[in-house]
1. State which residue pairs qualify: first residue in contact (Cβ under 8 Å) with a residue 24 or more places away in the chain and aliphatic (A, V, I, L, M) and inside segment 58-83, second residue assigned to a helix (DSSP H, G or I) and surrounded by 16 or more Cβ atoms within 10 Å (Cβ to Cβ) in any location, beta carbons under 7 Å apart, and separation of 6 or more residues or different chains.
2. Being out of contact with any strand residue (DSSP E or B) (no Cβ under 7 Å at 6 or more places or on another chain) and open to solvent by 60 Å² or more (accessible area, probe 1.4 Å) is the filter; apply it to segment 1-17 and report the residue that is modelled with the lowest pLDDT.
3. When residues of segment 18-60 are filtered for being of a type in the set (Asp, Glu) and part of a strand (DSSP E or B), how many remain?
4. Filter segment 25-65 down to the residues that are open to solvent by 70 Å² or more (accessible area, probe 1.4 Å) and of a type in the set (A, V, I, L, M) and list them by number.
5. Consider segment 66-79. How many of its residues are open to solvent by 40 Å² or more (accessible area, probe 1.4 Å) and closer than 24 Å to residue 15 by Cβ?
Amino acid sequence: KPWPGGLPFAGTPADLAALQMPVLLLWSDQDPEVPLERDGRRARTLIASPGTELAVIPNCGHMMPLECGPQSAAAVKRFLSRP
């Protein structure tokens with residue numbers, strides 16, 4: 001299905017593998033809906049673009065922005081501040 005800008009992206013593993021830019025995956029270590037070990041680590045292996053990072057937020061559940069806002073924002077700031 002196309003994105004609003006017209007880019008084709010169906011959300012498949014092949015789409016993730018085709019990414020060419022650094023990607024930050026933010027994952028909560030206590031998320032029961034999309035567990036780190038099942039989904040987060042797999043997503044990281046599917047994105048092979050250089051500079052991609054999986055940042056795991058400790059002691060956080062499914063609602064990361066509400067539960068762990070400062071910690072997740074710090075991870076984003078660090079990622080965006082990289083040279």
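1. Sorted first by the residue in segment 58-83, then by its partner, the pairs are 64/72.
2. Filtering segment 1-17 for residues that are out of contact with any strand residue (DSSP E or B) (no Cβ under 7 Å at 6 or more places or on another chain) and open to solvent by 60 Å² or more (accessible area, probe 1.4 Å), the one modelled with the lowest pLDDT comes out as 1.
3. 1
4. 48, 63
5. Of the residues in that region, 1 qualify.
The values are calculated or read from the model by the stated rules, or taken from the named source; none is laboratory data. This one's a predicted model, so the numbers in the text were calculated from it and none came from an experiment. FYI the Cβ positions are ideal-geometry reconstructions off the backbone, even for glycines, and counts take in every protein chain you see. Surface accessibility is based on the protein's heavy atoms, side chains included, excluding ligands, DNA and RNA. Shrake-Rupley method; radii C 1.70, N 1.55, O 1.52, S 1.80 Å.
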